[in-house]
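Participant: Shown below is the structure under consideration.
The values are calculated or read from the model by the stated rules, or taken from the named source; none is laboratory data. Given the structure is predicted, the values throughout are model-derived calculations rather than measurements. Glycine also receives a Cβ, built like all others from the backbone with ideal geometry; neighbour counts cover every protein chain displayed.
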Amino acid sequence: MIMRTVMFMGKGGTGKTSAALATGVVASELGHKTLVISGDAAHSIPDALGMEVGSEPTRMAQNFYVMEVDSRHELEKNWGEIRDYMSAFLATKVDEELAAELAQMPGIDELLGVLKLEEESGKWDFVVLDSAPTGQALRFLAVPELMGKLGFNLIKVQKSVMKLLKPMEAMLPFPVPDEGVYEQAESMVNRLKKAGSLMRDASISSIRLMVNPEKLSVLQARRNYTFMSLFGFNVDMVVINRFFPQGAGPYLEKWNAIQSQYASEVETSFYPIPVKRVRFFGTEMVGLDNLREMGKEIYGEQDPTRVFFKGRSFYVERTKEGYLLKVQVPFTTKGDVDLEQDGDDLNVSVKMPVGRYERSIALPSVLSGKVAKSASLKEGYLEVVFSRVLR
């Protein structure tokens, strides 16, 4: 079964959880077997539903299931042998209890979240991911490429070295990992690569950006879109949430003007991606009835599982001088972008407030053996000129 996947992403407080659940409620009532996954360590889904939610899919209504990613549970299930080895290795130098804690490395939540998404692929018609706030969500999306790129090479080198050390294990101050550790590591890297491929397939996977009609939220959404374009993720919708009602009195008149200004900016900046407006409801978005109402406001009579927009993050044009590679990097300036050619790979690095992100783009076959001669930024695209002459 081909599983449709949507991830809601945005600054904290934009309403990601409510929109993810509202999307799931509407989709399930249209007959799609739907799972909403909370990837946020804060786990607000139980509060929004008024029900307990577990680390495995929990049925809320017909065709509608939710779950939270429990790092400790997933670590035990997916990474047991590696975790045990890490604890054993660290326990040779430090207290055993501290070793067990250190084995839960930084970034483990993002890693296990991607593995959980891959595990559930094929079991559902529709999966909606309620992401963590922006910084953690960006790391979540970058994990498959970063780990897939480095994982197998690191495992191969480590495995060769440890085979040489195995006969001397009794004399070493640390245990040598056995074959099961490497098999589990290789399986993990394969699953991450599979998840990365699924998440970049624009025919089945989409990002939906949540934004409030105010300056900081809009700026964050623009940066998120830059990241999505760089890494090849398809953004198929922007949802502007919490519009104050018009004509509600002088107190809100100024806010009405501010919200109208930023909404117009979003619609212009993200064109031709569809932009949906959602009002500020007169009650909290708690319970299935309220979530259904929000879902209807976002989608109207449309099916939430459809792909609302599909664009390309890079493409090649033939020119008189040779070839032109255009890479989408919206909302960036010249000083934000660096690039370097490494054989038939083009490494593009973009500076963002949460750090510098780099993507290695495998050049299309038509550019194989050709040299990048110059580059410029034009209307949200990095344009790289390649000569016809082979290196």
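Participant: All but one of (1) at pLDDT 90 or above; (2) assigned to a helix (DSSP H, G or I); (3) surrounded by fewer than 18 Cβ atoms within 10 Å (Cβ to Cβ) hold for P167; which doesn't?
Facilitator: Going through the list (1) at pLDDT 90 or above; (2) assigned to a helix (DSSP H, G or I); (3) surrounded by fewer than 18 Cβ atoms within 10 Å (Cβ to Cβ), P167 breaks only (1).
Participant: Just give me the residues in region 235-249 being at pLDDT below 90 and on the phi < 0 side of the Ramachandran plot, in sequence order.
Facilitator: The answer is P245, Q246, A248.
Participant: Need the failing condition index for K326 against (1) free of Cβ contacts under 8 Å to residues at least 40 places away in the same chain; (2) of a type in the set (K, R); (3) outside any loop (DSSP other than H, G, I, E, B), just the number.
Facilitator: (1)
Participant: Looking at (1) closer than 16 Å to F270 by Cα; (2) touching a Phe, Trp or Tyr at 6+ places or on another chain (Cβ under 6 Å); (3) not basic (K, R), which one does F244 not meet, given that it meets all the others?
Facilitator: In the conditions (1) closer than 16 Å to F270 by Cα; (2) touching a Phe, Trp or Tyr at 6+ places or on another chain (Cβ under 6 Å); (3) not basic (K, R), F244 misses (1) alone.
Participant: Mind listing just one residue for me: the one in region 344-391 that is of a type in the set (S, T, Y) and at pLDDT below 85 and, of those, nearest to the chain's Cα centre (by Cα)?
Facilitator: Of all residues in region 344-391, those of a type in the set (S, T, Y) come to 349, 357, 360, 365, 368, 374, 376, 381, 387.
After this cut, where a residue has to be at pLDDT below 85 as well, the list is 357, 360, 365, 368, 387.
Numbers: Y357: 13, S360: 17, S365: 28, S368: 30, S387: 35 Å.
Result: Y357.
Participant: Let me ask something else. Say whether the condition of being charged (D, E, K, R), out of contact with any helix residue (DSSP H, G or I) (no Cβ under 9 Å at 6 or more places or on another chain) and either closer than 30 Å to G31 by Cβ or surrounded by 15 or more Cβ atoms within 10 Å (Cβ to Cβ) (or both) is met by at least one residue in region 331-345.
Facilitator: no
Participant: Looking only at residues that are over 19 Å from the mean Cα position of the chain (by Cα) and in a strand (DSSP E or B) in region 295-318, which one is farthest from G232 (Cα to Cα)?
Facilitator: R318
Participant: Could you pull out the residue among L230, L252 that is surrounded by fewer than 18 Cβ atoms within 10 Å (Cβ to Cβ), modelled with pLDDT under 95, hydrophobic (A, V, I, L, M, F, W, C) and not in a loop (DSSP other than H, G, I, E, B)?
Facilitator: Selected residue: L252, the only one of L230, L252 that is surrounded by fewer than 18 Cβ atoms within 10 Å (Cβ to Cβ), modelled with pLDDT under 95, hydrophobic (A, V, I, L, M, F, W, C) and not in a loop (DSSP other than H, G, I, E, B).
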